[in-house]
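These notes concern the structure reproduced below.
The values are calculated or read from the model by the stated rules, or taken from the named source; none is laboratory data. Here the structure is a predicted model, which is why all the values come from computation and not from measurement. Here the Cβ positions follow ideal geometry from the backbone for every residue, glycine too, while neighbour counts run over all protein chains shown.
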Amino acid sequence: MNQTLIGTVFLVGAGPGDPELLTLKAHRLLSRCDALVYDSLVPEEVLDLVPEACERHFVGKRRGHHSVPQPSTNAVLVEMAHKHATVVRLKGGDPFLFGRGGEEAAYLAGRNIPVQIVPGVTAGIAAPAYAGIPVTHRRVGSSVTFVTGHEEIDKRRPSVNWRALAAASDGLVIYMGLHNLPRIAEELMAGGLPSETPVAVIQQGTVAGQRCLKANLAGVAAECRSQAFKSPSIVVVGDVIDQQVEACMPPPASVTMPIPF
């Protein structure tokens, strides 16, 4: 390891999957980076933007198959910063929204490695938008809560208070919630949300294979099972779903995205 070189690590949001939703800054950095450290939910079309000589490291995490522990990812980032001037840490969506970007930035900063954050379009907004669903609407939704449906078991507060959320927001956008959807729906109803509350589930949002299922809160988990919905999926709960405008739905991009099993 070259102890004299300290490169900059850019925590870059790859967006929800459609390469055309990359920011200009993300595109520029990908086209000239010396090293790339990337996650599971990054399409090949985005990876193709990286120079051929770029050193690549896959550090994807998938539910039930956490092949690269977080400390190992941190170590790779430090190693790359000591070898290369421009290191891109590419994360699906936005690096600071359920992406461990905050942990990685703090780890690098604590070792005096320069870090820059490049925000990305998050799937919680983009996937519903590509399905024609606004996550807020002047008539029915003045607030929205973004929440994860899959939490680390070692968190000090081990679980989301779904019952409190049921009364706290006009709408919910749930990431990584498909596996726990039966329990989430039960808790939301126990918190006061009517069983007929509209729910939408968008699978593979913004890329080829995008699917959108609409049901009510009481039946959405069973409907997802019957239609074999899989991750990655975004779950939207609330009356905004009734404002869906199908006429403005763009066709999913002709790119595919890995499914994290």
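Below, the figures for the structure above:
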item	result
Qualifying residue in segment 147-157 (condition: assigned to a strand (DSSP E or B), out of contact with any Asp or Glu (no Cβ under 7 Å at 6 or more places or on another chain) and surrounded by fewer than 16 Cβ atoms within 10 Å (Cβ to Cβ))	yes
Residue within segment 135-142 that is over 29 Å from G209 (Cβ atoms), surrounded by fewer than 17 Cβ atoms within 10 Å (Cβ to Cβ), without any contact (Cβ under 8 Å) to a residue 40 or more places away in the chain and among the basic types (K, R) present	yes
Test: residue in segment 158-173 that is at positive phi and not assigned by TED's automatic domain parsing to the domain that holds G60	no
Selection count where residues are part of a loop (DSSP other than H, G, I, E, B) and of a type in the set (S, T, Y), scope segment 222-247	1
Set R89, R62: member being within 30 Å of H179 (Cα to Cα), in contact with a Pro (Cβ under 8 Å, 6 or more places away or on another chain) and at pLDDT below 95	R62
Tally of residues being hydrophobic (A, V, I, L, M, F, W, C) and assigned to a loop (DSSP other than H, G, I, E, B) across segment 166-202	3
Only listed residue being under 17 Å from L41 (Cα atoms) and modelled with pLDDT under 95, chosen from P158, P95, P119, P69	P69
Wholly within segment 27-115, helices (runs of 4 or more DSSP H) carrying at least 2 residues that are within 14 Å of L11 (Cα to Cα) and of a type in the set (A, V, I, L, M, F, W, C)	70-81, 101-109
Selection status of P114, more than 22 Å from P252 (Cβ to Cβ), in contact (Cβ under 8 Å) with a residue 24 or more places away in the chain and either in the same structural domain as A200 (by TED's automatic domain parsing) or buried (at least 19 other Cβ atoms within 10 Å of the Cβ) (or both)	no
S226 being crowded, with 19+ Cβ neighbours inside 10 Å and among the small types (G, A, S)	no
Number of the condition not met by G132 [criteria: (1) assigned by TED's automatic domain parsing to the domain that holds D39; (2) in contact with a Cys (Cβ under 6 Å, 6 or more places away or on another chain); (3) not polar (S, T, N, Q)]	(1)
Residues (in contact with a Pro (Cβ under 7 Å, 6 or more places away or on another chain), assigned by TED's automatic domain parsing to the domain that holds C212 and surrounded by fewer than 20 Cβ atoms within 10 Å (Cβ to Cβ)) located in segment 237-258	D239, D242, Q243
Single residue of segment 207-217 satisfying the filter (more than 25 Å from A167 (Cα to Cα) and touching a strand residue (DSSP E or B) at 6+ places or on another chain (Cβ under 8 Å)) that is surrounded by the fewest Cβ atoms within 10 Å (Cβ to Cβ)	G209
Pairs where the first residue, in segment 178-191, is within 15 Å of A168 (Cα to Cα) and of a type in the set (D, E, K, R) and the second is surrounded by fewer than 22 Cβ atoms within 10 Å (Cβ to Cβ) and at pLDDT 95 or above, C-beta under 6 Å, 6+ apart	E187/R163
